[in-house]
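S.K.: Below you will find the structure I want to go over with you.
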Amino acid sequence: EVVLATSRESTPKRYVQNVIKERGELVSELILEQGAHVYVCGRADSMPGEVERVLAELLDARVDVDARKKLLKRRLHVECW
(Lines give C-alpha, C1' and ligand atoms only; values in the text may rest on other atoms or scores of the structure.)
Protein backbone atom coordinates (compact mmCIF):
# COMPACT_ATOMS: atom_id res chain seq x y z
CA GLU A 1 0.00 0.00 0.00
CA VAL A 2 1.26 3.45 -0.91
CA VAL A 3 0.01 6.48 1.00
CA LEU A 4 0.90 9.84 -0.50
CA ALA A 5 1.59 13.00 1.41
CA THR A 6 1.60 15.77 -1.16
CA SER A 7 1.90 19.06 0.65
CA ARG A 8 2.43 21.01 -2.56
CA GLU A 9 -0.49 19.55 -4.46
CA SER A 10 -3.33 19.22 -1.98
CA THR A 11 -5.61 21.41 0.06
CA PRO A 12 -5.48 21.08 2.94
CA LYS A 13 -1.81 20.17 2.85
CA ARG A 14 -0.94 16.57 3.76
CA TYR A 15 2.47 16.43 5.38
CA VAL A 16 4.40 13.17 5.86
CA GLN A 17 4.36 13.51 9.65
CA ASN A 18 0.58 13.99 9.63
CA VAL A 19 0.03 10.84 7.57
CA ILE A 20 2.29 8.87 9.93
CA LYS A 21 0.35 10.16 12.92
CA GLU A 22 -3.01 9.33 11.26
CA ARG A 23 -1.82 5.76 10.70
CA GLY A 24 0.10 5.56 13.96
CA GLU A 25 -1.15 2.18 15.12
CA LEU A 26 -0.21 0.53 11.83
CA VAL A 27 3.17 2.29 11.64
CA SER A 28 4.03 1.26 15.21
CA GLU A 29 3.03 -2.33 14.52
CA LEU A 30 5.06 -2.47 11.32
CA ILE A 31 8.18 -1.15 13.05
CA LEU A 32 7.91 -3.08 16.31
CA GLU A 33 6.42 -6.38 15.20
CA GLN A 34 7.38 -6.74 11.55
CA GLY A 35 10.81 -5.08 11.48
CA ALA A 36 9.87 -2.30 9.06
CA HIS A 37 12.28 0.47 8.11
CA VAL A 38 11.22 4.06 7.44
CA TYR A 39 12.81 5.99 4.58
CA VAL A 40 12.45 9.76 4.51
CA CYS A 41 13.44 11.59 1.34
CA GLY A 42 12.99 15.19 0.32
CA ARG A 43 13.87 18.67 1.47
CA ALA A 44 16.10 19.00 4.51
CA ASP A 45 14.02 21.72 6.13
CA SER A 46 11.88 20.80 9.14
CA MET A 47 10.31 17.66 7.64
CA PRO A 48 12.93 15.06 8.67
CA GLY A 49 12.93 16.27 12.26
CA GLU A 50 9.13 16.35 12.39
CA VAL A 51 8.91 12.81 11.03
CA GLU A 52 11.39 11.60 13.66
CA ARG A 53 9.47 13.44 16.40
CA VAL A 54 6.16 11.79 15.41
CA LEU A 55 7.77 8.35 15.19
CA ALA A 56 9.31 8.87 18.63
CA GLU A 57 5.90 9.80 20.07
CA LEU A 58 4.32 6.68 18.58
CA LEU A 59 7.05 4.36 19.80
CA ASP A 60 7.31 5.97 23.26
CA ALA A 61 3.77 4.78 23.90
CA ARG A 62 4.92 1.17 23.42
CA VAL A 63 8.63 0.90 24.33
CA ASP A 64 11.03 2.63 26.71
CA VAL A 65 13.18 5.56 25.58
CA ASP A 66 16.38 3.52 25.17
CA ALA A 67 14.64 0.92 22.99
CA ARG A 68 13.04 3.67 20.91
CA LYS A 69 16.39 5.38 20.32
CA LYS A 70 17.96 2.11 19.21
CA LEU A 71 15.06 1.32 16.88
CA LEU A 72 15.11 4.73 15.22
CA LYS A 73 18.89 4.65 14.86
CA ARG A 74 18.68 1.33 12.99
CA ARG A 75 15.41 1.75 11.11
CA LEU A 76 14.96 5.43 10.28
CA HIS A 77 16.85 6.34 7.12
CA VAL A 78 16.98 9.97 5.99
CA GLU A 79 18.11 11.11 2.56
CA CYS A 80 17.36 14.81 2.36
CA TRP A 81 18.93 17.78 0.61
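The values are calculated or read from the model by the stated rules, or taken from the named source; none is laboratory data. Here the structure is a predicted model, which is why all the values come from computation and not from measurement. Please note: Cβ atoms are built from the backbone with ideal geometry, for glycine as well, and neighbour counts cover all protein chains shown. Note: areas computed on protein heavy atoms with side chains; ligands, DNA, RNA excluded. Shrake-Rupley method; radii C 1.70, N 1.55, O 1.52, S 1.80 Å.
S.K.: What number of residues in region 44-81 are open to solvent by less than 30 Å² (accessible area, probe 1.4 Å) and among the β-branched types (Val, Ile, Thr)?
M.R.: Going through region 44-81 one residue at a time, the tally reaches 2.
S.K.: Scan region 8-23 for residues that are open to solvent by less than 70 Å² (accessible area, probe 1.4 Å) and within 22 Å of residue 69 (Cβ to Cβ) and jot them down.
M.R.: Within region 8-23, 16, 17, 20 qualify.
S.K.: Does region 14-23 hold any residues that are more than 20 Å from residue 80 (Cα to Cα) and either among the acidic types (Asp, Glu) or without any contact (Cβ under 8 Å) to a residue 24 or more places away in the chain (or both), and which are they?
M.R.: 22, 23 - these are the residues of region 14-23 that are more than 20 Å from residue 80 (Cα to Cα) and either among the acidic types (Asp, Glu) or without any contact (Cβ under 8 Å) to a residue 24 or more places away in the chain (or both).
Yes/no matrix, rows are residues, columns are (1) touching a residue at least 40 places away in the same chain (Cβ under 8 Å); (2) in contact with a Phe, Trp or Tyr (Cβ under 9 Å, 6 or more places away or on another chain); (3) closer than 27 Å to residue 67 by Cβ; (4) open to solvent by 30 Å² or more (accessible area, probe 1.4 Å):
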residue	(1), (2), (3), (4)
6	no, no, no, yes
25	no, no, yes, yes
37	yes, no, yes, yes
42	no, yes, no, no
